[in-house]
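Below is one structure, written out as structure tokens; comments come after it.
The values are calculated or read from the model by the stated rules, or taken from the named source; none is laboratory data. Note that the structure is a prediction, hence the values are computed from the model and not measured. Here the Cβ positions follow ideal geometry from the backbone for every residue, glycine too, while neighbour counts run over all protein chains shown.
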Amino acid sequence: MSENKKSCCCCCGSSAPKKKVLLVDDDKDFVESNKDLLEAEGFEIYVAHTGADGLELAKKVRPNLMVLDVMMATKTEGFEVSRKIPQTPELKNMPILLVTGIRREMNLPFGFEPDETWLPVSSVMEKPIDPVKFVETVKNKIK
């Protein structure tokens, strides 16, 4: 097997490169559990705990998908990062799955929907997330 090709997972031996997912969340428990979950599905996982670190890491590794939390150092950090990505040439086509507990945390009577200007993400999931639905959504966004 060539050095720059990685197996998709340990069991199938495929030489197709793994799809890369970047998890950006300050909740280390959320990151670890979902990292393990996605690795078990054959994804290559990268992790950042701040929006700024996530943006820099995304520029380096060019993930196929970013899973981005809203509330990190500030209550709007994820929103701010999601609006910077379309303005970053090397990332502008990268899908973003926004995961958030902001509605529950701030007792908001409404949810969030992707919007080209205000919320340029592919999909939004409310925390706590259902692991099966999460994996299904990740797979669908990477196709």
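For segment 19-35: of the residues being closer than 13 Å to LYS127 by Cα and under 13 Å from the mean Cα position of the chain (by Cα), which is surrounded by the most Cβ atoms within 10 Å (Cβ to Cβ)? My answer is ASP25. Scanning segment 61-70 for any residue that is under 12 Å from ASP25 (Cα atoms), β-branched (Val, Ile, Thr) and either touching a Gly at 6+ places or on another chain (Cβ under 6 Å) or not in a helix (DSSP H, G or I) (or both) turns up at least one such residue. Among residues of segment 102-143 being closer than 26 Å to ARG62 by Cα and among the small types (Gly, Ala, Ser), the one that is modelled with the lowest pLDDT is SER122.
From GLY42, GLY54, which residue is crowded, with 16+ Cβ neighbours inside 10 Å, part of a loop (DSSP other than H, G, I, E, B) and at pLDDT 95 or above? One residue alone meets the criteria, GLY42.
State whether the residues of segment 60-76 include one that is surrounded by fewer than 16 Cβ atoms within 10 Å (Cβ to Cβ), without any contact (Cβ under 8 Å) to a residue 60 or more places away in the chain and among the aliphatic types (A, V, I, L, M). Yes: segment 60-76 contains one or more residues that are surrounded by fewer than 16 Cβ atoms within 10 Å (Cβ to Cβ), without any contact (Cβ under 8 Å) to a residue 60 or more places away in the chain and among the aliphatic types (A, V, I, L, M).
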